[in-house]
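The structure appears below as structure tokens.
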Amino acid sequence: MKLPKKVLAPLLVLAVCLTLAVLPARADFRDVAPSSWYEGAITQLTQTGALKGYPDGTFRPNQTISAAEFVSITARLAGLSEVQDQTSHWAAGQMQAALQAGWYDWDEIPPTGELFDQPIPRQLAVKILMRALLPDVRGDYHTESVKIKDFSTLNGRYYEAVLAAYAAGVVHGDTSGAFRPLAGLSRAEACTLFQNAQAVQPAQPTQPVQPTDPAVPDPVQARQGGVSQNGWLQVKGTQLCSETGEPVVLRGMSSHGLQWYSQFTGSGAVSSLADWGANLFRVAMYTGEGGYLSQPSAIKAKLTAAVDAAIANDLYVIIDWHILSAGNPMSHVDEALAFFTEMSQRYKDTPNVLYELCNEPNGDVSWSGDVKPYAQRLISAIRANSPKAVILVGSPTWSQDIHLAAADPLEGENLMYTLHFYAGTHGAELRQRIDGAMAKGLPVFISEWGTSRADGSGGVFLEESRVWLDFLDQRGISWCNWSLCDKDETSAALRPGAPQDGPWGQDQLTESGQFVFSRFSS
Ligand code: DCB
């Protein structure tokens with residue numbers, strides 16, 4: 001029987017109320033036999049209120065689970081609150097919340113809803129489950145991939161989650177040892193996944209737990225172009241200079257989001273980067289998308305670990321407050337003030353650190369009305385601790401509107417304005433904007449650029465990138481490339497499965513990585 005959605009929605013609400021009102025000792029669904037292999041999992045999940053059956057008293061264990069069903073059960077288990085959403089689908093609020101939490105990406109389940117009621121592929125289900133319930137678990141590539149007979153059919157985008165799920169024993173594969181990444185899963189199978197995930201003790205981080213406030217390390221190795229050579233940076237006119245006033249150009253890589261790719265921000269990774277000639281590392285701390293604002297202490301620990309690793313390796317390092325989905329930095333100005341106050345206190349004696357106040361303002365946000373007053377407040381807070389560290393400031397339209405900043409610049413010393421470009425999307429027009437802004441005296445810093453299109457994929461656009469880098473070299477402008485990770489997207493510098501601590505040979509770099517790494521010391 002197929003019911004129209006209008007009838008189904010209230011029925012489902014009713015079913016929810018009923019299941020919550022009477023918590024059964026057993027699953028109590030007439031199609032879930034007490035002797036079945038899944039009865040235990042279903043009973044356990046029903047008792048926590050995470051699981052519901054159908055209004056007719058059935059659970060339909062063999063029916064393929066839909067994306068909306070899978071996400072909403074996960075959301076209940078993780079305690080994720082719904083957010084407002086425009087579409088009328090029963091799970092829209094939970095789907096929107098899960099998307100914002102970074103459990104999956106827009107293209108995997110578009111918020112427009114067309115895939116909500118479709119079967120969820122196993123690879124995506126595992127990714128959502130791991131991000132939501134076991135975000136800190138990691139699996140070793142070499143140990144886990146051999147357990148999966150059809151590993152070669154798995155998209156690199158799902159490596160991290162699937163390897164972690166095997167390592168934690170959440171997934172075992174079928175009797176033949178195959179994972180079948182694109183197949184659907186039955187509602188009963190999904191329940192055993194949830195049960196397995198819940199059985200994993202959360203207190204098993206694979207990375208060592210940070211002591212609460214470890215001291216900032218001393219550099220262990222001096223590097224050409226590094227901090228031991230150039231000291232405290234200063235801005236003279238439009239040029240970044242060393243402590244003694246000589247022009248300096250910083251070139252290096254940005255991390256991807258710390259909540260997803262912190263495995264490439266350790267001491268081995270940054271030291272391998274420096275071996276390739278980089279003197280700069282940028283630590284991208286997303287505020288939304290499951291980043292700092294949703295798990296501040298865990299993400300802050302990852303950030304300080306990455307910054308300290310860069311310091312130990314004599315690199316300059318950018319602390320990036322990576323706003324993206326919330327485009328107006330004013331929306332979290334209090335959190336930003338607290339964060340940068342703490343960081344500038346911790347690193348007040350450390351010449352390595354640059355502060356980037358807002359990655360990419362976007363949407364309904366103005367320079368003079370929002371970004372400038374935000375930056376002015378943050379600059380005062382940082383200056384109270386760190387009188388001279390270089391501070392980088394973004395602008396509207398994903399940090400492309402430096403002409404607005406040039407017309408109405410900030411007050412203060414050692415400030416630079418970021419411009420971000422993606423070679424497959426942005427060209428001569430933005431370069432002209434740089435020249436125009438510099439002619440007005442604005443110091444420009446490219447804290448993020450990519451060889452791809454603006455969405456991080458497409459291309460790779462190496463010819464366009466070469467034009468851009470030549471332009472920057474001629475003007476002595478510093479840059480940081482997006483991004484040091486092995487995600488399956490063209491802007492990523494590492495191939496899927498590249499060792500997280502390096503060293504990386506040519507064959508472990510992507511086309512983008514090979515090109516970018518060859519330009520660090522040009
Ligand atoms: C910037 C962001 C950065 C984003 C890259 C590439 O966004 F600062 O976070 O990175 O540029 O788009 C991408 C990753 C993906 C990830 C996604 C969401 O590469 O793996 O799934 O972030 O976290 C820009 C830059 C420019 C423009 C638009 C965006 N633009 N944007 O000009 O339209 O919408 O993200």
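Brief remarks on what is shown
- Count of segment 353-403 residues which are within 16 Å of Leu415 (Cα to Cα) and in a helix (DSSP H, G or I): 19
- Of the residues making up segment 452-493, those that are hydrophobic (A, V, I, L, M, F, W, C) and not in a helix (DSSP H, G or I) are Ala454, Val460, Phe461, Ile477, Trp479, Cys480, Trp482, Leu484, Cys485, Ala492, Ala493.
- Top-ranked residue in segment 435-459 [being among the aliphatic types (A, V, I, L, M) and within 13 Å of the ligand (Cβ to nearest atom); ranked as farthest from the chain's Cα centre (by Cα)]: Ile446
- Flag for Leu233 being farther than 22 Å from Tyr417 by Cβ, of a type outside the set (Gly, Ala, Ser) and touching a strand residue (DSSP E or B) at 6+ places or on another chain (Cβ under 7 Å): no
- Test: residue in segment 337-356 that is of a type outside the set (Asp, Glu) and in contact with an Asp or Glu (Cβ under 7 Å, 6 or more places away or on another chain): no
- If you check Leu494, Leu462, Leu484 for being on the phi < 0 side of the Ramachandran plot, modelled with pLDDT of 95 or more and surrounded by fewer than 23 Cβ atoms within 10 Å (Cβ to Cβ), only one passes: Leu462.
- Lys348, sole failed condition from (1) surrounded by 20 or more Cβ atoms within 10 Å (Cβ to Cβ); (2) more than 15 Å from the ligand (Cβ to nearest atom): (1)
- Within segment 263-282, the only residue that satisfies the criterion of being within 14 Å of the ligand (Cβ to nearest atom) and closer than 23 Å to Asp140 by Cα is Phe264.
- Pairs, first in contact (Cβ under 8 Å) with a residue 40 or more places away in the chain and under 14 Å from Leu430 (Cβ atoms) in segment 454-469, second in a loop (DSSP other than H, G, I, E, B) and within 13 Å of the ligand (Cβ to nearest atom), C-beta under 6 Å, six or more apart: Ala454/Thr425; Glu464/Ala423; Ser465/Ala423; Ser465/Thr451; Trp468/Ala423
- Within segment 93-122, the residues that satisfy the criterion of being away from the ligand (no atom under 16 Å from the Cβ) and either assigned to a loop (DSSP other than H, G, I, E, B) or in contact with a Pro (Cβ under 8 Å, 6 or more places away or on another chain) (or both) are Met95, Thr112, Gly113, Glu114, Leu115, Phe116, Asp117, Gln118, Ile120, Pro121, Arg122.
- Some residue of segment 295-303 being more than 15 Å from the chain's Cα centre (by Cα), at pLDDT below 95 and surrounded by fewer than 18 Cβ atoms within 10 Å (Cβ to Cβ): yes
The values are calculated or read from the model by the stated rules, or taken from the named source; none is laboratory data. Keep in mind that what you see is a predicted model, and the values were worked out from it rather than measured. Every residue, glycine among them, receives a Cβ derived from its backbone with ideal geometry; neighbour counts consider all protein chains shown.
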